[in-house]
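I'd like to ask you about the structure that follows.
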Amino acid sequence: VEKMRRGVPLTDQDRWPWLESLRELIKRCVATGEDAVLACSALKEAYRRYLQVNAEVKLVFLRGEYALIAKQLRRRRGHFMNPGLLQSQFADLEEPRPGEASIVIELGRSPRKLVQEIKSKLRIRH
C-alpha cells in the first residue's frame, strides 16, 4: 500500500504475497460455505486463475475506458491509490478473454444499475 500511496507501480513480486492472502481467504469462505464479495484489481489472467480456487468462485470484471476510470479516481478522496498509477495498471491489464471464467460488466452507469446487472448475472435474488 505504501508504494501505491507514493505512486510507485507494483511488480508481480509485490503482488503475489497479497494474492496468496486473498486466495487463503477465498478458500476459507468456500470451505465454510460463507458468501463473500472480494474487490481487487486482479489485473492479469494468471492472478484471476490463481484466485478462482474452484467453480463456486465467480469473477466479475468491471470494464471501463481509461478516461472514465481516471475521472472516477480524481473524485475519490482519502484512498491509498495514487491516481498517477492508473496508466501503469492499464499497461499491466490483461482483459478476460472469451472462455475465461469471468463475467464482464461495462462501467459508465450508476452504481445501482451496475449492482443490478451483477446480481442478475450471478443469479442473486435479494
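Can you pull out the helices (runs of 4 or more DSSP H) entirely within segment 1-70 that have at least 1 residues that are closer than 27 Å to Ser120 by Cβ and not β-branched (Val, Ile, Thr)?
Answer list for segment 1-70: 12-32, 45-51.
Going by the conditions given, is Gln13 free of Cβ contacts under 8 Å to residues at least 40 places away in the same chain and either loosely packed, with under 12 Cβ neighbours inside 10 Å or small (Gly, Ala, Ser) (or both)?
When the stated conditions are applied, Gln13 passes them.
If you check Ile26 against the conditions, is it more than 16 Å from Leu107 (Cβ to Cβ), within 15 Å of the chain's Cα centre (by Cα), surrounded by 13 or more Cβ atoms within 10 Å (Cβ to Cβ) and among the aliphatic types (A, V, I, L, M)?
yes
Further question on the same structure: Have a look at Glu56, Glu94, Glu45, Glu100 and point out the one that is surrounded by 13 or more Cβ atoms within 10 Å (Cβ to Cβ), over 29 Å from Gly7 (Cα atoms) and without any contact (Cβ under 8 Å) to a residue 60 or more places away in the chain.
Exactly one residue qualifies, and that residue is Glu100.
Each value in this text was obtained by applying a stated rule to the coordinates, not by laboratory testing. Being a predicted model, the structure only gives us computed values, none of them experimental. Because the Cβ atoms are built from the backbone with ideal geometry, glycine has one as well, and the counts that use them run over all protein chains shown.
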